[in-house]
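Below you'll find the structure, written out as structure tokens, and then a few comments.
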Amino acid sequence: MADAPITVCIAGATGWTGRALAAAVLEASDLALVSAVARSAAGEDLGAALHGEPIGVPVHGSVAGALDGVEVLIDYTSATAVKTNTMAAVEAGVHVVVGSSGLTAADFDEIEAAAHRRSVGVIASGNFSLTAAMCQAGALLAARHLRSWEVIDYASAGKPDVPSGTARELAERLGAVGTPGGAVPIDELHGPREARGTTIGGAQVHSVRLPGFVVSTEVVFAGPDERLTIRHDAGGTPEPYVAGTLLAVRRVPALVGLTRGLDTLLTESAG
């Protein structure tokens, strides 16, 4: 007998990535979309909210009201809502896949403690693109051998949160490998400190916001007389994030606690 499908709720289901994820979950035989969250469409059927035929998936105004019968919450909302949504799901005993940006290291500590307390899994990634995950895996390897690096975060002019979740996650995880050195300490600079960006994980992170970018993340490593640049560029559609998110949805019910980074899942699978 086939296993029952994993029941899923998507928060941010009418958004840019949420729409693509909803379609993918509906097509997957091992997943079942049972509810959605979108404040602008609360009370509607998700199919109608997406300007199609009704599909029998109710849209709720909050995560707390959408978790009945749900095993995994997918969150693609906003930096201002993601922590509240994640904690509500964890406290309800629901596993979570977090694709939204805006969570800090302190937020993740709180989420991890709650996830262990409730014996649920949380997988959070600043970018669920497979190529972004490979970029991060390569950067973590390089940081073991090259002791100087900085991160550059590029996004569209209208992106309000800085740095991007991808860049923040990369800097924090590189910081767990080691602290880069070699540059003049921030306190000893002559001129505006802001010119050196912000410090995350011991490294300087610079956010560029200009038209024409979606999300690009670049980490530059340097040693005497040599440099290594590892960069990921995202295109203009949400499709690259779908496969990685669904991989996390299928894996998270077997986990307890917080797992950060899609690359973690990929390297575990390879091992």
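The values are calculated or read from the model by the stated rules, or taken from the named source; none is laboratory data. All figures in this text were calculated on a predicted structure; none of them were measured in a lab. Cβ: placed from backbone, ideal geometry, glycine included. Neighbour counts: every protein chain shown. Only protein heavy atoms, including side chains, enter the accessible area calculation; ligands, DNA and RNA are left aside. Shrake-Rupley method; radii C 1.70, N 1.55, O 1.52, S 1.80 Å.
For the range 177-184, check the following and say yes or no: at least one residue is touching a Leu at 6+ places or on another chain (Cβ under 7 Å) and open to solvent by less than 50 Å² (accessible area, probe 1.4 Å).
No, the range 177-184 contains no residue that is touching a Leu at 6+ places or on another chain (Cβ under 7 Å) and open to solvent by less than 50 Å² (accessible area, probe 1.4 Å).
Which one of Pro160, Pro211 is within 22 Å of Thr80 (Cα to Cα) and exposed (fewer than 12 other Cβ atoms within 10 Å of the Cβ)?
When all the criteria are applied, what remains is Pro160.
Got a sec? Which strands (runs of 3 or more DSSP E) wholly within the range 1-119 have at least 1 residues that are over 17 Å from the mean Cα position of the chain (by Cα) and buried (at least 17 other Cβ atoms within 10 Å of the Cβ)?
Once the strands (runs of 3 or more DSSP E) in the range 1-119 are filtered for at least 1 residues that are over 17 Å from the mean Cα position of the chain (by Cα) and buried (at least 17 other Cβ atoms within 10 Å of the Cβ), what remains is 6-11, 31-37.
Report whether or not Ala36 is in contact with a strand residue (DSSP E or B) (Cβ under 8 Å, 6 or more places away or on another chain), over 25 Å from Gly235 (Cα atoms), touching a residue at least 12 places away in the same chain (Cβ under 8 Å) and among the hydrophobic types (A, V, I, L, M, F, W, C).
The answer is yes for Ala36.
Conditions tested, residue by residue: (1) hydroxyl-bearing (Ser, Thr, Tyr); (2) within 18 Å of Lys83 (Cα to Cα).
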{"site": "Ala22", "(1), (2)": "no, no"}
{"site": "Ser40", "(1), (2)": "yes, no"}
{"site": "Val59", "(1), (2)": "no, no"}
{"site": "Val63", "(1), (2)": "no, yes"}
{"site": "Ala66", "(1), (2)": "no, yes"}
{"site": "Gly69", "(1), (2)": "no, no"}
{"site": "Val72", "(1), (2)": "no, yes"}
